[in-house]
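Heads up, the thing below is written out as structure tokens.
The values are calculated or read from the model by the stated rules, or taken from the named source; none is laboratory data. For clarity, every value in this text was computed on a predicted model and none was experimentally measured. Positions of Cβ are generated from backbone atoms using ideal geometry, with glycine treated the same way; all protein chains shown enter the neighbour counts. For the accessible areas, the whole protein counts, side chains as well, though only heavy atoms, and no ligand, DNA or RNA atoms are used. Shrake-Rupley method; radii C 1.70, N 1.55, O 1.52, S 1.80 Å.
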Amino acid sequence: KGDTVFNATPANSQSCASCHNADGNSAIAANPKLAQQHPEYILKQLQDFKSGKRKSAIMKPMATALSDDDMRNIAWFVTSKKIKPGFAKEKDLVGLGERIFRGGIADRQIPACAGCHSPNGAGIPAQYPRLGGQHAEYTAQQLTLFREGTRLNSPVMTGVAAKLSNKEITAVADYIAGL
Ligand code: HEM
Ligand code: HEM
């Protein structure tokens, strides 16, 4: 059923697949890949878009059109798809990105991302989302939104992102794309 809802076009709008691809591997770097993401995390994001806890002018009307059953069906549909691997592109920054992901930055109390998102970036069900393979542009954008206080649906991530510089965000997002 999730397949049908994901590809259906709600009134006056676009289908999920038109932005996230039929297999959940969006081709556009600003749109997140949803394939292989934990269903509990997908469900929480759709609920947060609908309630306005997570702000997105694009996703708010999409999530609002979905029933609780639709959301559950979509979450189980996208989790069943395999994520298309990505790769790191910033040769000069990938070392910095890896250090932050694996060890954090101790003297500035920045925790290791791997502690919650697992060393291979697959996340830890159900609470901690998969990051590995995600478009670097999307990941960097989310870290910036957490840092600015625009994305407010995770106090933990607000705290982590608050301490990261632009360069560190670019580096860790690029490294994550290649996990
Ligand atoms: C984000 C699902 C339709 C563009 C997301 C996220 C989910 C999702 C679960 C959060 C992903 C994450 O946190 O990793 C869906 C579903 C749709 C749909 C189920 C259909 C009902 C669309 C459409 C577009 C779109 C039609 C493009 C016009 C985006 C963008 C984001 C996003 C740009 C990032 C939002 C942000 O700034 O935080 N979507 N999506 N989505 N989606 Fe969709
Ligand atoms: C979500 C990155 C450290 C817990 C996220 C997201 C990103 C991210 C990009 C959003 C994923 C998406 O939109 O698809 C990072 C990076 C870290 C880091 C780069 C290290 C610098 C941590 C740590 C924890 C944590 C240490 C646990 C203490 C979470 C949780 C969410 C999340 C719970 C889900 C938020 C929600 O429900 O909306 N992280 N993370 N992260 N992260 Fe992290």
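Amide H to amide H, with H built 1.01 Å from N, His135 comes under 5 Å of Lys33, counting only residues 5 or more places away or on other chains. Summed over the residues of the chain and divided among them, the accessible surface reaches 52 Å² per residue at a probe radius of 1.4 Å.
Highest mean packing first, where packing is the average number of other Cβ atoms within 10 Å per residue, the peptides 20-29, 34-43 line up as 34-43, 20-29. The angle between the Cα long axis of helix 94-103 and the main principal axis of the chain comes to about 90°, on a 0 to 90 degree scale. All distinct Cα pairs of segment 100-177 go into the 1/r average, and the inverse of that average, the Kirkwood radius, is 12.4 Å.
Against the chain, whose longest principal axis is taken from its Cα atoms, helix 136-148 shows a tilt of about 80°.
Summing charges over all other residues whose Cβ lies under 12 Å from the Cβ of Ile169, with Lys and Arg as +1 and Asp and Glu as -1, gives -2. Convert 20 °C to kelvin, take the viscosity as 1.002 mPa s, use the Kirkwood radius over C-alpha pairs of the chain as Rh, and evaluate the Stokes-Einstein diffusion coefficient in µm²/s, rounded to a whole number. Roughly 129 µm²/s, to the nearest whole number.
Across all directions, the average flat footprint of the convex hull enclosing the Cα atoms of segment 2-79 is 4.5 nm².
Relative contact order for segment 94-177: 35 percent, from Cα pairs under 8 Å spaced at least 6 residues apart, divided by residue count.
Taken one residue at a time, the phi angles of segment 76-86 give Karplus couplings (6.51, -1.76, 1.60, θ = phi - 60°) of 6, 5, 5, 5, 7, 8, 7, 6, 6, x, x Hz. Gly and Pro are set to x.
With the full set of protein chains in place, find how many percent of the accessible area of the chain is carbon and sulfur; take the probe as 1.4 Å.
Carbon and sulfur: 58 percent of the exposed surface of the chain.
Pairs of Lys residues in the chain, spaced 8 or more positions apart or belonging to different chains, with C-alpha separations under 14 angstrom: 8 in total.
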